[in-house]
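The values are calculated or read from the model by the stated rules, or taken from the named source; none is laboratory data. Note that the structure is predicted; figures quoted are calculated from it, not measured. Cβ coordinates were reconstructed from backbone atoms using ideal geometry, including for glycine residues, and neighbour counts include every protein chain displayed.
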Amino acid sequence: MGVSNQKLDKVVFLDRDGVINLDSSDYIKSWSEFKFIPRSIEAIKELTLKGFNVIVITNQSVINRNMVSDKGLEYILTMMKNEVRSGGGLINDIFFCPHIPEDNCDCRKPKPGLIYQAQKAYSIDLKDAVMVGDSAKDIECARNAGCGTVVLVKTGNGAEAEKTLAEKKIYPDHIAQDLYEAVQWIVDIKVTKVNE
């Protein structure tokens with residue numbers, strides 16, 4: 001996924017596991033294991049209706065751990081996009097890192113490589129972009145990439161992330177209970193203030 005000459009404005013980057021769907025210490029290896037977090041589909045619908053472009057940025061080491069094939073992951077991601085579309089929302093694109101930490105790649109969060117790939121594909125102004133994540137890695141990735149607005153959600157690893165980030169003196173711009181609450185805040189600061 002992800003090569004385009006189209007320019008996207010009003011971009012919101014979303015992590016997947018722990019933001020859109022329930023995370024699992026056993027990893028998400030099949031569509032049957034994929035469970036949407038309550039109100040996450042409604043949250044993406046709200047972003048779509050307000051004119052935001054949603055790009056999912058996700059570490060998926062299940063590939064290099066040989067737990068899921070490329071086709072298996074593609075199926076899960078396609079089904080996720082279809083369910084979101086059925087709920088009235090749109091995921092514009094998905095960028096994922098297949099590597100394990102030992103691969104020492106440039107794309108595994110907290111490194112900013114995935115966001116840079118999306119920026120290159122869609123000519124995104126990162127100063128105007130928003131990142132929503134549930135882990136310290138997500139927040140660090142967004143800061144490393146230069147995203148203008150960063151939101152931590154408490155679903156997934158949110159509580160642990162707050163502690164880790166505080167130790168590193170890295171702070172999100174907002175902390176929300178879940179993606180739906182995060183989206184209300186994003187819409188408020190990005191839409192309301194433009195119209196004032």
Checklist entry - Which of the following residues is within 13 Å of the chain's Cα centre (by Cα), over 18 Å from Ala142 (Cβ atoms) and not aromatic (Phe, Trp, Tyr): Ser86, Ser24, Ser40? => result Ser40
Next on the checklist: From the list Ser24, Ser61, exactly one residue is surrounded by 15 or more Cβ atoms within 10 Å (Cβ to Cβ) and in contact with an Asp or Glu (Cβ under 9 Å, 6 or more places away or on another chain). Which is it?
Outcome noted: Ser61
Checklist outcome for this item: For segment 18-60 the number of residues that are farther than 15 Å from Arg85 by Cα and of a type in the set (Val, Ile, Thr) is 5
Item to check | Enumeration of residues in segment 96-144 that are of a type outside the set (A, V, I, L, M, F, W, C) and in contact with a Gly (Cβ under 6 Å, 6 or more places away or on another chain) | outcome: Asp106, Lys127, Asp128, Asp134
Checklist entry - Would you pick out the residues in segment 120-157 that are touching a helix residue (DSSP H, G or I) at 6+ places or on another chain (Cβ under 7 Å), in a loop (DSSP other than H, G, I, E, B) and closer than 18 Å to Gln60 by Cβ? => result Asp134, Ser135
Next on the checklist: Could you check segment 158-188 and list, in sequence order, the residues that are assigned to a helix (DSSP H, G or I), at pLDDT below 95, under 29 Å from Gly51 (Cα atoms) and in contact with a Leu (Cβ under 9 Å, 6 or more places away or on another chain)?
Outcome noted: Gly158
Checklist entry - Can you tell me which of Ile139, Ile91 is of a type in the set (A, V, I, L, M), within 12 Å of the chain's Cα centre (by Cα), over 21 Å from Asn157 (Cα atoms) and modelled with pLDDT of 95 or more? => result Ile91
Checklist entry - Do we find a residue being under 14 Å from Asp15 (Cα atoms) and among the charged types (D, E, K, R) anywhere in segment 122-134? => result yes
Next on the checklist: Based on this model, can you work out whether Val187 counts as in contact with a Cys (Cβ under 9 Å, 6 or more places away or on another chain), farther than 22 Å from Val62 by Cα and β-branched (Val, Ile, Thr)?
Outcome noted: no
Next on the checklist: Condition (residue is free of Cβ contacts under 8 Å to residues at least 12 places away in the same chain and among the hydroxyl-bearing types (Ser, Thr, Tyr)) applied to segment 73-85: is it met by at least one residue?
Outcome noted: yes
Next on the checklist: Condition check: touching a residue at least 60 places away in the same chain (Cβ under 8 Å) and outside any loop (DSSP other than H, G, I, E, B). Does Ile41 satisfy that?
Outcome noted: no
